[in-house]
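Taking it in order: structure first as structure tokens, then the write-up.
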Amino acid sequence: MCGICGIVDLKGGSVKKSAVRAMCNSMKHRGPDGEGQEIKGNVGFGHRRLSIIDLSLKGKQPMKTADGRYWITFNGEIYNYKELKKKLPKTTFKSNSDTEVVLQLYAKYKEKCLNFLRGMFAFAIYDFKEKTLFIARDHAGQKPLIYTTYNNQFCFASEIPALLTLDIKKKINPKALQLFLTYNYRHVPDPYTIFEGIQKLPPASYAFIDRKGTITIKQYWKPNFKKQNISLKKKIKEYLQLTKACVNLTQVSDVPVGALLSGGVDSSTIVHFMDKSYQPKTYAVGFNKKDPELARAKIVSKKYKTKHYEHLFSMHDMQSYVHLLHTYGEPLNVMQSVYLNSLCKEIKKDLKVVIGGNGADEIFYGYDGSNNLLVITKLLRILKKIPRWFLTIMKAPFPKKFKFFLSLSKLPIGKIKGQLYRTYGKALRNNLYSNKAKKALEDFDEGNIIEKYTAQCNATSFIERSYYAGLMSENQHSITIIGDLVGMHHSIEIRSPYLDHHMIEFASELPVQYKVPSMTNKEKNKYIMKKSMQGKLSQEILYAKKMGFGYNIDWTEFLKKEFRKKAEHILFKRSLHKEGLFNMEFIRKIFENHVKGKKHNTQLLLGLISFELWYEMFFLGKKPAELAKTI
């Protein structure tokens, strides 16, 4: 796991090493074990190293082929790199690193090398013969890759602040801001960033940048949702084999590997399958010693004889949120990140690598909302059969919600979720912004990104298309962003076996009833996972109430009570009203309604607070340490 960056001058001018070094220095937290910069004419690559595979100097980056034709700077881990060496029998390797394997695979297979990789990654390779740059990102988007074209230079990095060291003119992208605040995003989705002109490479995508600066982006992977007529019994056997393989792959490392353990079915399953030839360390976090999450984690730890550590979260740790925003470089409305952050501070004392269960809820449908999605899926199918003319001859008035769902049911299945975003986005646009800001959003389509994924998904049900869009875009904040941001903030690599693309493909082919068999019984969500682990994990672990990381913080009540005065000061006494972006009367109204309990507006208010804190750092120049004291 590392931080990468680079500059390619599209006009052939020389790249300054000082510019690449400045980008590297801004990401020291991503790689405290070493750094490297390589400059050759119009190409400059940089790297910050967190040594995990091949700890020797032979694994140092940037790396190049023997003939000097190809250069690589690589972030992430390729778990099957030893196996992939077999595809290169005539190649002499200088190191035992996964990076060199990727470099040699690209030299032989070009972009098709991505078909062989299992892991999490973001990397760049320059071909000095063809004068082309190739950048790529892993299947689920676990590793970030940000880029921009600036002063006839194509520049890329693992983090936004690294690009900002180039003195790029900062301008807020109103479309990105709108998406950040719309419906369930909570983050700025790919390909946008909050800054005009800076973009993210989407998950499962690569890009070629030719000598003229033309950027060609392609998506190289998507799962197939076509169902197989195979019994649950056989699928359980397959799941157990695959899970064991994926967990073992995430333990490939030259340093010790631990696990995040909440005592839920996801993390407990991981600990069950971990190689215990050494005693793995496990880590749990809670609010007090009576926290049920700590109690369940202790049960699992005792069963598998792990070396277990408990950490108690304090609300004082809330201040770390500002530092995380500063590292991330754009607003992020995921307050639960402070919970993981407090734990990672402790893990850093012992380990560089831990395994987590992120992604399981998205591919096996573990959220409580899965049951409602199943109801909506069945309702849409029923409504689709009702002809529009039927309503016109009915005398009874129909509720607006019914009419809305009826109109949705008439759309192609791939357009339904996108239309939901358009509806919510339009309402937000009309109320939240100033007249000037509204004009910048007049023709903006908030449903376009979601629709990209729901349309390319070949599932026949709404719940499956909805969850796929969540995996690839809508829910990235909790699946991939938090893990990379918080982990790397503390120089820790967080791996997830559930985000292995083979696991995603397996889950996609399952019938929905193998994941959510009931419209009402939430305990049966992630059904195949729980059924598979019966007899291995206790009923208490398998069927405990779904809690989620940071579940003990009621953010709605937090805004009403403990944080009310600070929230009011941040929203109305700082700079939000000076920016000319927002309708402050509307914000005052939703704030008052929230604190009086008339209507909860937790997500939007926290999003605006996140934006304000970010704005003060990146546009007003306030230091994170000083700003943190205000929350």
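Structural remarks
- Debye intensity ratio I(q)/I(0), log10, the chain, q values 0.12 Å⁻¹ (C-alpha model): -1.39
- Summarised as an ellipsoid, segment 8-55 has semi-axes of 24, 11, 7 Å, derived from the eigenvalues of the Cα gyration tensor scaled by 5 and square-rooted, with the largest first.
- The Cα atoms of segment 261-420 define a convex hull whose projected area, averaged across directions, is 14.5 nm².
- Restricting the calculation to Cα atoms, segment 349-456 shows an Rg/Rh of 1.12 when the hydrodynamic-style radius is the Kirkwood one.
- Beyond 19 Å in Cα-Cα separation lie the following of the pairs 143/200; 303/524; 90/110: 303/524.
- Under Karplus coefficients 6.51, -1.76 and 1.60, residue-wise ³J(HN,Hα) of segment 174-185 in Hz, glycine/proline x: x, 5, 5, 4, 4, 5, 4, 8, 8, 6, 10, 5
- Taking only the Cα atoms of segment 50-102, the ratio Rg/Rh comes out at 0.92, with Rh defined as the Kirkwood radius.
- Solvent exposure of residue 326, expressed as accessible area, is near 80 Å², computed with a probe of 1.4 Å over the protein chains only.
- Sorted largest first, the spans of the alpha carbon positions of segment 112-192 along the three principal axes are 42, 33, 17 Å.
- Dipole of the chain, positive direction: furthest Cα of 101, 263, 618, with charges on the beta-carbon: 263
- Put simply, the amide H of residue 282, placed in the peptide plane, has neighbours under 5 Å in 259, 307, 308, 309, leaving out anything fewer than 5 places away on its chain.
- Pairs of lysines in segment 403-488 whose Cα atoms sit within less than 22 Å of one another amount to 13, provided the residues are eight or more positions apart or on different chains.
- Accessible surface of segment 437-539 [probe 1.4 Å, protein heavy atoms]: carbon and sulfur percent: 45
- Nearby lysines by direct alpha-carbon distance to residue 302 (threshold 19 angstrom, same-chain neighbours under 8 apart not counted): 276, 281, 289, 290, 536
- Vicinal HN-Hα couplings computed from phi for segment 87-99 (Karplus, 6.51 cos²θ - 1.76 cosθ + 1.60; Hz; Gly/Pro x): 7, 10, x, 8, 8, 9, 9, 8, 9, 10, 8, 6, 4
- Solvent-accessible surface of the chain, averaged per residue with a 1.4 angstrom probe and all protein chains in place: 42 square angstrom.
- At R0 = 41 Å, FRET efficiency that the Cβ-Cβ distance of residue 585 and residue 167 yields, to 0.05: 0.65
- Spatially, segment 412-445 and segment 146-164 are offset by 29 Å when compared through their Cα centroids.
- Computed accessible area, residue 413, all protein chains, 1.4 angstrom probe, square angstrom: 50
- Compared with the alpha-carbon gap, the fully stretched path from residue 151 to residue 248 is longer by 30.4 nm at 0.36 nm per residue.
- With viscosity 1.567 mPa s and temperature 4 °C, the Kirkwood radius over alpha carbon pairs of segment 428-551 converts through Stokes-Einstein to a diffusion coefficient of 72 µm²/s.
- In this calculation the C-beta distance from residue 57 to residue 402 is compared with R0 = 41 Å, giving a FRET efficiency of 0.05.
- Structure-based [θ]222 nm, the chain - -39500 (n - 2.57) summed over DSSP H runs of at least 4, per residue, nearest 500: -11500 deg cm²/dmol
- Computed over the alpha-carbon pairs of segment 507-631, the distance histogram in 5 Å steps reads 2, 9, 15, 14, 12, 9, 8, 8, 11, 9, 3, 0, 0 percent, short to long.
- Computed on protein heavy atoms with a 1.4 Å probe, the accessible areas place 584, 617 in the order 584, 617, largest first.
- Take every Cα pair under 8 Å whose residues are at least 6 apart in sequence, average their separation, divide by the length of the chain, and the relative contact order is 15 percent.
- Scaled against the 2.2 N^0.38 Å expected of a compact globular protein of N residues, the Cα radius of gyration of segment 312-388 reads 1.73.
- R0 of 35 Å, Cβ-Cβ distance residue 573-residue 368: FRET efficiency to nearest 0.05: 0.45
- Between residue 291 and any residue 5 or more places off or on another chain, the built amide H atoms are never under 5 Å apart.
- One quarter of the convex hull surface built on the alpha carbon atoms of segment 135-276 amounts to 13.3 nm², the projected area averaged over directions.
- Amide H contacts under 5 Å for residue 195: 173, restricted to partners 5 or more places along the chain or on a different chain, H placed in the peptide plane at 1.01 Å from N.
- Within the assembled protein chains, the solvent-accessible surface assigned to residue 165 is about 50 Å², based on a 1.4 Å probe.
- Whole-Hz couplings from phi, Karplus 6.51/-1.76/1.60, listed for segment 433-440; x for Gly and Pro: 9, 6, 4, 5, 5, 4, 4, 5
- Extension gain, residue 17 back to residue 69 (0.36 nm per residue minus Cα-Cα distance, nm): 16.7 nm
The values are calculated or read from the model by the stated rules, or taken from the named source; none is laboratory data. Please read these numbers as outputs of a predicted model, since none were measured by experiment. Neighbour counts run over all protein chains shown; Cβ positions are idealised from the backbone, glycine included. These accessible areas exclude ligands, DNA and RNA; they are computed on the full protein's heavy atoms, side chains included. Shrake-Rupley method; radii C 1.70, N 1.55, O 1.52, S 1.80 Å.
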